[in-house]
Amino acid sequence: MVTLYHYIHCPFCVRVRMAFSFLKIPFESRVLPYDDEETPLQLMGKKMLPIVEFHEENIRLNESLDIIVKADTTNQLGHDLLKGKDAERINDLLSRLGGPIHNLVMPYWVYTQEFNQQSRTYFLAKKELKRGPFNKLMRKAPTFLSQLPPLLEEVENMIASSDIGIGIGKEGPTIFDIMLASHLWGLYVLPEFQFSPKIHQYLQEVKLQCSFNYHEDYWSKD
Ligand SMILES: N[C@@H](CCC(=O)N[C@@H](CS)C(=O)NCC(=O)O)C(=O)O
């Protein structure tokens with residue numbers, strides 16, 4: 001039995017959900033309110049999700065990639081790619097994408113139904129400390145949007161070049177596909193943004209291959 005503590009919006013948590021679904025690992029889903037400090041502190045000593053408890057082995061992990069490597073015992077996701085030369089390329093692209101994506105989507109995430117008034121206030125206080133007031137972020141959206149096309153062009157080029165373990169038409173996703181797709185997924189929340197057909201098709205293929213349902217935990221409880 002496996003328990004996943006996660007936030008719906010968190011791309012690192014989405015990585016784990018995609019991987020578990022692809023690997024057909026059933027898990028108990030515990031979506032934590034963003035202001036719950038106690039649970040992660042008790043489990044791991046720091047407030048960071050995802051956290052996974054592998055009950056049988058009495059192991060707890062809270063680095064998304066460690067979790068996936070541990071769970072993928074037969075290496076179906078090609079996680080040895082993480083030790084190869086292209087891992088740096090992927091991580092570099094993800095960190096360059098992360099800035100504009102998160103500046104654009106955080107003001108929307110915080111009004112999704114994952115949050116209540118209390119967790120929203122907590123999220124706003126924490127994120128505004130780093131990024132500045134969200135109303136200013138919203139006003140700067142055109143600037144952040146204008147930073148995306150060259151980055152998304154790099155994504156398209158990666159998808160098109162089949163040699164680095166990313167792209168459409170493979171039998172299943174690799175760990176790189178999961179890393180890329182989970183980071184890009186956040187942009188679906190943004191009304192004024194549309195993916196190019198190629199990237200949209202790619203994301204939908206990763207979603208299908210993983211049987212991934214972003215909204216599952218919104219609607220499955222009540
Ligand atoms: N390196 C970690 C990063 C996880 C991470 O950054 N989680 C964020 C959510 S996206 C978090 O838990 N933040 C808690 C907070 O800032 O209060 C991983 O890959 O799992």
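The numbers here are math on the coordinates, done by the rules we state, and not lab data. Just so it is clear, the structure is predicted and the values come from calculations on it, not from any experiment. Here the Cβ positions follow ideal geometry from the backbone for every residue, glycine too, while neighbour counts run over all protein chains shown.
Residue by residue, segment 37-51 carries 3J(HN,Hα) couplings of 8, 4, 4, x, 5, 5, 6, 10, x, 8, 8, 8, 10, x, 10 Hz when phi is fed to the Karplus relation 6.51 cos²θ - 1.76 cosθ + 1.60 (θ = phi - 60°); x denotes Gly or Pro. Taking amide hydrogens as placed 1.01 Å from N in the peptide plane, the amide H of residue 48 sits under 5 Å from that of no residue at least 5 positions away in sequence or on another chain. For the cross-link pairs 24/70; 83/130; 70/130; 127/207, the ones whose C-alpha atoms lie over 22 Å apart are 83/130; 70/130; 127/207.
Counting only Cβ charges, +1 for Lys and Arg and -1 for Asp and Glu, the dipole size of segment 152-222 around its Cα centre is about 120 debye.
Projecting the Cα atoms of 146, 117, 107 onto the charge dipole of segment 79-210, computed from C-beta unit charges around the Cα centre, puts 117 farthest toward the positive end. Could you tell me the relative contact order of segment 55-175? Use alpha-carbon pairs under 8 Å, at least six residues apart, and round to a whole percent. In percent, rounded to a whole number, it is 33.
Each stretch of four or more DSSP H residues adds -39500 (n - 2.57); spread over every residue of the chain, this sum gives -17000 deg cm²/dmol at 222 nm.
Relative contact order, whole percent, for the chain stands at 27, derived from Cα pairs under 8 Å and 6 or more residues apart.
Shown for segment 79-210 is the translational diffusion coefficient from the Stokes-Einstein equation, using the Kirkwood radius over Cα pairs, a temperature of 20 °C and a viscosity of 1.002 mPa s: 134 µm²/s.
Note on the chain: semi-axes of the ellipsoid equivalent to its C-alpha gyration tensor, largest first and rounded to whole Å, are 25, 25, 15. Put the Cα centre of segment 58-106 next to the Cα centre of segment 170-195 and the gap is 13 Å. About its Cα centre, the dipole of segment 69-194 is roughly 820 debye, where the only charges are +1 on Lys and Arg Cβ and -1 on Asp and Glu Cβ.
Phi angles of segment 165-175 translate, via the Karplus equation with coefficients 6.51, -1.76, 1.60 and θ = phi - 60°, into HN-Hα couplings of x, 9, x, 8, x, 6, 5, x, x, 9, 4 Hz per residue; Gly and Pro are given as x.
The Cys residues in the chain with no partner Cys Cβ within less than 4.7 Å of their Cβ are 210.
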